[in-house]
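The values are calculated or read from the model by the stated rules, or taken from the named source; none is laboratory data. This one's a predicted model, so the numbers in the text were calculated from it and none came from an experiment. Cβ atoms come from the backbone with ideal geometry, glycine included; neighbour counts cover every protein chain shown. We work out accessible area using only protein heavy atoms, side chains counted, and drop any ligands, DNA or RNA first. Shrake-Rupley method; radii C 1.70, N 1.55, O 1.52, S 1.80 Å.
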Amino acid sequence: MSLADPDTPRPSLKDRFYAWRTALIGSRSFQKRAARLPIAKTIARQDGEALFDLVAGFVHSQVLMAFVQFDLPHHLSGQPRTLSDLATRTGLPEPRLQRLAQAASALGLMSRQSDGRYALGRLGAALPGIPGLQQMVRHHDVLYRDLSDSVAFFRDGTDTELAQFWPYVFGATGEADPEVAATYSELMADSQTLVAEEALAHLDLTKTQTLLDVGGGTGVFLTAAGNANPHLNLQLFDLPEVVDPATARFQREGLASRATITGGSFRSDPLPTGADTISLVRVLYDHADETVAALLQKVYDTLPPNGRIIVAEPMSGGTSPTRAGDAYFGIYCMAMQTGRARSANEIATHLEAAGFASIRKVKTSRPFVTGLVHARKV
């Protein structure tokens, strides 16, 4: 007599094959047999190494953190150095420094030379040339603390330190601690450079007359756009706390005569008018769906007919999850306790709901830096 629940649908052939395959791969006897077959042995070894990298991933991230915090990219920039020399420069006991140097060398951050000295590895040498990356590494101690109890983090989303670090996300106006606001603006400015470079490499602004950057911070994106397009008039809209540093940036870059800055919150204040293109660079993923919908509607209402909207930010892979979009930014947004990394298709759906048409999802060269979607007002 069958004890199967008559209301439970019979598994499909695809699901039955999945169950068989999963059980087979997870079988210890299969793993042992596979280890003796040339092709299967290679696959099994690769899978084992990949799993071990996941297990060791947190340790690897802490080696990177120490590598940056002890300023090893700077100490090794001129020449390879002995452990004794590096110990003097970093203040670390030499035996402990050796463990760090060996670990960093294994990860490609450093390289052990034949004479026993240590040099920068390829990844370590590239680190200073990537704008904002070292600052982001230093900032990640906040995220690491939030994830220290991952079970509690995923179960109930208890208060996180990261959520307290980003006051602007919650629409703080005039209440943000000046030091926190300065840290926020500096970190965003440093990391925004890469996003601006990647987005502008895939955008044609030659027919744009005036570009309004909403939530544009201290003007990094507008500065890059203005320098690349001498005809472009620039408008920046962000909270009052960033008006002064944005003004100073435009003055340093010789763009002050082409730039207009308006302080305000897109939640409660009208957007400046007069722009034929509005950009949202790393804005939507900071906010919940209802805030995104309201903002996109406001952008649509502000733009003239045939006006363009540009959305540039890290994006989820959607039906094809990505390491950067889903295994990093998705979790980061969770720790912020607001917003989420959306796929290009989800963003397109929001744009369509606001009334936009001619929606184009652009494949960028470095999707781990930013995705790109743009559309036009009907």
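The table for this structure:
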read-out	value
In nm, spacing of pseudo-spin labels at MET65 and VAL243 (7 Å Cα→C-beta vector)	3.8 nm
Solvent-accessible area per residue, Å², over segment 219-378 with all protein chains present [probe radius 1.4 Å]	43 Å²
Accessible surface of the chain, 1.4 Å probe, proportion on carbon and sulfur as whole %	55 percent
Taking the chain and dividing mean pair separation by its residue count, relative contact order in percent (alpha carbons under 8 Å, at least six apart)	11 percent
Efficiency of FRET from Cβ geometry, THR22 and SER114, R₀ 45 Å, rounded to 0.05	0.45
Per-residue SASA entry for SER320, accessible area with 1.4 Å probe, Å² rounded to 10	80 Å²
Inter-probe distance in nm under a simple model that places probes 7 Å from Cα toward Cβ, at SER257 and ARG89	4.5 nm
Extension gain, ILE130 back to ASP47 (0.36 nm per residue minus Cα-Cα distance, nm)	26.8 nm
Probe 1.4 Å, protein heavy atoms only - accessible area per residue of segment 47-132 in square angstrom	58 Å²
Percentage relative contact order, segment 304-344, counting C-alpha pairs under 8 Å, at least six apart	40 percent
Ranking by accessible area, most exposed first, for THR90, THR349, THR82 with a 1.4 Å probe	THR349, THR82, THR90
Accessible surface ranking that places the most exposed of GLU352, GLU253 first, with a 1.4 angstrom probe	GLU352, GLU253
For the chain, convex hull of alpha carbons as volume per residue, Å³	223 Å³
Positive dipole terminus of the chain, leading residue within GLN337, GLY108, LEU64 (C-beta point charges)	GLY108
FRET efficiency for ARG122 and SER29, using Cβ-Cβ distance with R0 set to 51 Å, rounded to 0.05	0.80
